[in-house]
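We did not get these values from a lab; they are worked out from the coordinates using the rules stated. Being a predicted model, the structure only gives us computed values, none of them experimental. Ideal geometry is used to build each Cβ from the backbone, glycine not excepted, and the neighbour counts take in all protein chains shown.
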Amino acid sequence: MASPQHVGPPGSRPVAVPGPGPRPGSENARRAKATRRPPRLASLQLKRVDPWTVLKISLIVSIVMFFVWMIAVGILYLTLGTMDVWTKINETFSTLTSAPDAEAAGRTDLITAARVFGVTAVIGAINIVLFTALATVAAFIYNAAAAMSGGVELTLGERD
């Protein structure tokens with residue numbers, strides 16, 4: 001067999017090229033596992049939360065939750081509509097509030113899709129404002145409390 005040839009500038013030494021790692025189950029693989037160090041840990045303190053960032057994140061989260069709320073109410077409305085719950089409630093309401101001459105009074109429905117989704121949208125908008133405002137106020141309160149107590153201590157570690 002011919003010896004390996006060196007390719008490169010004259011006078012330079014050949015460099016060893018690393019090969020594939022040890023095969024699983026081999027002696028070298030067992031030694032590599034035994035010398036692995038434990039994960040590093042870092043202890044940090046959360047001293048301040050930026051209220052502007054809290055405002056932006058809480059606004060985004062509350063808007064997403066608004067759409068979840070609207071979809072949930074829509075599903076509930078359609079589910080109860082297929083079971084004729086709204087029809088029976090509207091008929092009962094019409095019976096209780098109608099004049100003796102039912103034909104002259106006409107029919108007014110208590111529960112309609114426009115009313116349900118209108119009230120749902122108003123409640124959702126109020127929730128957006130309240131959730132965003134309360135999260136921002138909570139950031140200010142946390143900053144004041146952290147200034148007095150030093151903040152929350154966190155320990156972060158690497159994955160195994």
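Quick look at the values:
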{"quantity": "Nonlocal amide H pairs with V152, under 5 Å, H built at 1.01 Å", "calculated": "L46"}
{"quantity": "Pair A146, R48: separation of 7 Å Cα→Cβ label points (nm)", "calculated": "0.9"}
{"quantity": "Modelled FRET efficiency - R0 25 Å, S94 with I71, Cβ distances, 0.05 increments", "calculated": "0.25"}
{"quantity": "In order through segment 144-160: 3J(HN,Hα) via Karplus (6.51 cos²θ - 1.76 cosθ + 1.60), integer Hz, x for Gly, Pro", "calculated": "5, 5, 5, 5, 7, 10, x, x, 8, 8, 10, 10, 9, x, 6, 6, 6"}
{"quantity": "Whole-Hz couplings from phi, Karplus 6.51/-1.76/1.60, listed for segment 113-128; x for Gly and Pro", "calculated": "4, 5, 5, 4, 6, x, 5, 4, 5, 5, 4, x, 5, 5, 5, 4"}
